[in-house]
Amino acid sequence: MVKQLDNFPPFRVQAEALGCVRGGREIFRDVSFSVGPGQLLAITGPNGAGKSSLLRILAGLLEASAGRLAQTFDGAAEAEAPSAVHYLGHLDGFKSAMSLRENLAFWSRIYRQSDDHHAVADATDIEEAAARLGLAHALDLPVSVFSAGQRRRAGLARITLSPRPLWLLDEPTSALDKQGEAVLGTLMGEHLGAGGVIVAATHLDLPAGPDLTLDMAVPQ
Amino acid sequence: MSFISQLANPTRFLELSARVLPWLVAASGVTLAIGLYLSFFVAPPDYQQGDSVRIMFIHVPAAWLAMFCYSLMAVSSIGSLVWRHPLADVAAKSAAPIGAAFTFLALFTGSVWGKPMWGTWWVWDARLTSVLVLFIMYLGLIALWRAFDDPSRAGRVAAVLTLVGFVNIPIIKFSVEWWNTLHQPASVMRMDGPTIHSSMLWPLLVMAIAFTLIFLTVHLAAMRAEVFRRRVRTAQMRAAAQPAASVGTTVVAHG
Amino acid sequence: MSLLGQIIAQTVMLGLRAGGGALVGLVFFLAVVAVVPFGVGPDLNLLARIGPAILWIGVLLASLLGLERLFAADREDGSLDLYIASGEPLVLLVLGRGIGHWIATGLPIVIAAPILGLMLNLSPIALVAVTATLLAGSPALTFIGTVGAALTAGLPRGGMLIAVLVLPLSVPILIFGVMATNGAVYDPEPFTAPFLIVCAFTLASAVLAPLAGALALKVALE
């Protein structure tokens, strides 16, 4: 089994008064929170509230227009942080012309570059991860033939193959059926149990109960 | 530097530019009048080319302005990317069409000037060809600006292209010169520095100053127009958005 | 395999698979070269004289193909997001995509060039010279192209715009590439100097283009 059971060094995400402006439009302002090891932060709110934008800021894909963000190990230098994040957004990041196995192998090698403590996921690791998510039969099929639910599971497989403390999940339950949600819940529980941090944006219920909730709804 | 940061406020910029603009217009007009007078009545005709050499007094300053404008855009691009100065990409966007116009003027006058000499409307000599490539680069920049909906994103992308182009301009100029096999007789394009007789030099410099003032005037006016244009866009966006558009909350609950 | 190697391998794989456009580029090159004699006439002497230039221009135009999708695909399927979130340097992505694109589309064209040169009545020396200069210089064309691709990655119809942006920047390489070829064929003209300049362009663009491309991808992303 891939290093899922190794404990992460204590990791914390701290945001102070974050603001976001996109395309000249203010999406949100004054967002603050602090999430620590083993905690799940759920971000809720209607469409357009900025949940995805907040996740993109945490992933380093978008710059906050205001406020401060700190992602640290043990309060140590922030420089470690960029390689500590897994991002699962609306798009899965897989190349349609490549098979699932090829895609997973590619990303596990990319993630391995900044992570010297763990070896690259080998063929057995990939098969096990795919099996956990019910995709073992589809490993050598091109991703172009996958359904939306299968792509979402494939994205989860990508995440579980390379251990990183912070998971940023954007609507993780979308396109997943009940079984998929159950597996998601198990994976999330394992990750939190190993001391990882999860920040999930959702307007549905998550399979694991959140420790913290950030509601991005429009103020009354 | 603090003056520039004062200008970062668009409203302040609009106030200042409104006051400065009439003076610039006047100065441009006066200098241009003096320059044209010097060029067409004071400077002596060339012993070889006769009166057609007077086109040089428009052609050369136009080419200088074409380069000056691009340099200005390069500086604005740095301001855009490094300091995120809000007026930097307004300056760059407004300058591009003006630069393209000066470049076209240089090409046109260069062609007209050369026709009596060469017998054709165009030759692929080093100078004209470099200016032609510069013209295409200007047009590419303008096309890139117009391809994006969001002006600030367009500004940043155009800034990168401007800087890439700026680095390439000396390389292109050098390559084109080496490539050029058509030798111009020295008397035609003898316009660099000390070889020019002073009776030719003064009209040239005055015209260059006049063109620079014209450029600054038009540029300032174009920047004002761009600032207003963006205000309209923001107002339109606000009108289209839902009434309670701004989001903000720091509620963090447990459970 | 190193990070760069991974990206190059993936780019080559994607370029060669269905819809990758690598083979289309080759056919396009053939079509361009074939069309020129229809325009200038079948005079073999003339074709031999302008042959190197035709081949160089054909390579330039063909290498512009497929650039549109180079980063747009990454943007659209979310892999650019993942790459940035992974914390790895964007310059390596740009460089890797550039090298991979050249291997998949540029290299076959360079290999085909001497064959097409035969159709243009190039002498044996000219064939060798044009192939050598293309080999040394076509990577530079691709690298400059990646800057154009990165700048237009978010745009719906970036293809022609890429060409407009890239062509002025390719002028120096084109000049020296053809100059080097002619230098090998016609005695008094120098070969070594232009050839070395072409090599220098390739090396310089291999370093500078990824820097510009990474910056362009970053600013175009938001």
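The values are calculated or read from the model by the stated rules, or taken from the named source; none is laboratory data. Since this is a predicted model, take the numbers as computed values, not measurements. Using ideal geometry, Cβ is built from the backbone for each residue, glycine included, and neighbour counts are taken over all protein chains shown.
With respect to the conditions (1) hydroxyl-bearing (Ser, Thr, Tyr); (2) under 30 Å from A:Ala130 (Cβ atoms); (3) at pLDDT below 90; (4) out of contact with any His (no Cβ under 9 Å at 6 or more places or on another chain), A:Tyr111 falls short on a single one, namely (4). Between A:Leu55, A:Leu62, the distinction of being within 30 Å of B:Ala239 (Cα to Cα), modelled with pLDDT under 90, within 14 Å of chain C (Cβ to nearest Cβ) and under 17 Å from the mean Cα position of the chain (by Cα) belongs to A:Leu62 only. Inclusion of C:Ser79 among residues that are under 22 Å from C:Val110 (Cβ atoms), of a type in the set (Ser, Thr, Tyr) and crowded, with 17+ Cβ neighbours inside 10 Å is not warranted. Among residues of the stretch B:92-134 being aromatic (Phe, Trp, Tyr) and without any contact (Cβ under 8 Å) to a residue 60 or more places away in the chain, the one that is nearest to B:Trp179 (Cα to Cα) is B:Trp124. Taken together, the criteria place B:Ala101 among residues that are away from chain C (no Cβ under 14 Å) and modelled with pLDDT of 90 or more. Take C:Met13 and decide whether it is over 30 Å from A:Glu63 (Cα atoms) and outside any helix (DSSP H, G or I). Taking the combined requirement at face value, the residue does not satisfy it. Apart from one condition, B:Arg84 fits all of (1) under 17 Å from C:Ala216 (Cα atoms); (2) touching a Gly at 6+ places or on another chain (Cβ under 6 Å); (3) surrounded by fewer than 22 Cβ atoms within 10 Å (Cβ to Cβ); the exception is (2). Here C:Leu174 passes the criteria (1) within 14 Å of chain B (Cβ to nearest Cβ); (2) under 13 Å from the mean Cα position of the chain (by Cα); (3) under 28 Å from C:Arg75 (Cβ atoms) except the one numbered (3).
Against the test of being modelled with pLDDT of 90 or more, within 13 Å of chain A (Cβ to nearest Cβ) and on the phi < 0 side of the Ramachandran plot, the options C:Leu55, C:Leu46, C:Leu82 yield a single qualifying residue, C:Leu82. Do you know which residues across the stretch C:17-33 are more than 10 Å from every other protein chain (Cβ to nearest Cβ), among the aliphatic types (A, V, I, L, M) and more than 13 Å from C:Leu61 (Cβ to Cβ)? Listed by number, the residues that qualify are C:Ala22, C:Leu23. Whenever a residue of the stretch B:146-174 is facing chain C (nearest Cβ under 7 Å), its partners that are among the acidic types (Asp, Glu) and not in a helix (DSSP H, G or I), lying with C-beta atoms within less than 7 angstrom and at least six residues away or across chains, give the pairs B:Arg153/C:Glu222.
The residue pairs whose first member lies in the stretch A:14-25 and is touching a residue at least 24 places away in the same chain (Cβ under 8 Å), whose second member is in a strand (DSSP E or B) and polar (S, T, N, Q), and whose beta carbons are closer than 8 Å, counting only pairs six or more residues apart or on different chains, are A:Gln14/A:Ser34; A:Gln14/A:Gln71; A:Gln14/A:Thr72; A:Ala15/A:Ser32; A:Ala15/A:Ser34; A:Glu16/A:Ser32; A:Ala17/A:Ser32; A:Leu18/A:Ser32. Residues in the stretch A:42-56 that are within 10 Å of A:Thr213 (Cβ to Cβ) and not small (Gly, Ala, Ser) were compared, and the one that is surrounded by the fewest Cβ atoms within 10 Å (Cβ to Cβ) is A:Thr44. Somewhere in the stretch B:37-58, is a residue under 17 Å from B:Arg156 (Cα atoms), in contact (Cβ under 8 Å) with a residue 24 or more places away in the chain and in contact with an Asp or Glu (Cβ under 9 Å, 6 or more places away or on another chain)? No, there is no match, as no residue in the stretch B:37-58 is under 17 Å from B:Arg156 (Cα atoms), in contact (Cβ under 8 Å) with a residue 24 or more places away in the chain and in contact with an Asp or Glu (Cβ under 9 Å, 6 or more places away or on another chain). Total residues in the stretch A:34-52 satisfying the condition of being within 11 Å of A:Ala201 (Cα to Cα) and of a type in the set (Val, Ile, Thr): the figure is 2. Note on the stretch A:83-97: among residues that are more than 7 Å from chain C (Cβ to nearest Cβ) and among the hydrophobic types (A, V, I, L, M, F, W, C), the one that is surrounded by the fewest Cβ atoms within 10 Å (Cβ to Cβ) is A:Ala84. The residue that is nearest to the chain's Cα centre (by Cα), counting only those in the stretch C:139-171 that are more than 9 Å from every other protein chain (Cβ to nearest Cβ) and of a type in the set (S, T, N, Q), is C:Thr142. The set of residues in the stretch A:42-62 being touching an Asp or Glu at 6+ places or on another chain (Cβ under 7 Å) and not in a helix (DSSP H, G or I) consists of A:Thr44, A:Gly45, A:Leu61, A:Leu62.
Between A:Met216, A:Met188, the distinction of being within 14 Å of chain B (Cβ to nearest Cβ) and buried (at least 18 other Cβ atoms within 10 Å of the Cβ) belongs to A:Met216 only. The residues in the stretch C:93-119 that are over 16 Å from C:Ser138 (Cβ atoms) and surrounded by fewer than 21 Cβ atoms within 10 Å (Cβ to Cβ) can be counted, and the count is 2.
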